[in-house]
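Some notes on the structure that comes next.
The values are calculated or read from the model by the stated rules, or taken from the named source; none is laboratory data. Since we're looking at a predicted model, the values are computed, not measured. A quick note on method: Cβ atoms are made from the backbone with ideal geometry, for glycine too, and the neighbour counts reach across all protein chains shown.
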């Protein structure tokens, strides 16, 4: 499946950006070796610019237009993630308390986040450490989460 609007090289590996119309629909991390691809759309180019500023200078602006498919609960969790400032973390339990849900349900919604980094699920951690990232509790994906948090000034 090679329908990326853009593919960029970043400090955490290749990232693919999928768009539809004027919105980002998905961000894929840790792509298998492939070539970078220039953005084919305005929103793709804006997302590439956002990601480059984030990785190079730590700048954050959550204005990326998103069209994310998910359940109403997942949508609530993802909107809550957008409100977590750079350099801050919350635990799955804290976020669950705000949403009147369970930590496990919040973790599952984070796992299904179709647009990591742009929707910063990496800022949600376990009560006793890092927690998982994109369904993994070890390996490349948790290494990416650790890198992102350190990049934002978070020490766990």
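Below are the figures for this structure:
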quantity	calculated
Qualifying positions in segment 46-72 - closer than 21 Å to residue 21 by Cα and assigned to a helix (DSSP H, G or I)	46, 47, 48, 49, 50, 51
Flag if residue 15 is in the same structural domain as residue 120 (by TED's automatic domain parsing) and within 13 Å of the chain's Cα centre (by Cα)	no
Counted residues, segment 73-103 - those being touching a helix residue (DSSP H, G or I) at 6+ places or on another chain (Cβ under 8 Å) and part of a helix (DSSP H, G or I)	14
Residue in segment 146-154 that is touching a strand residue (DSSP E or B) at 6+ places or on another chain (Cβ under 8 Å), outside the structural domain of residue 18 (by TED's automatic domain parsing) and free of Cβ contacts under 8 Å to residues at least 40 places away in the same chain present	no
Sole residue being surrounded by 16 or more Cβ atoms within 10 Å (Cβ to Cβ) and either in contact with a strand residue (DSSP E or B) (Cβ under 6 Å, 6 or more places away or on another chain) or over 28 Å from residue 150 (Cβ atoms) (or both), chosen from 21, 44	44
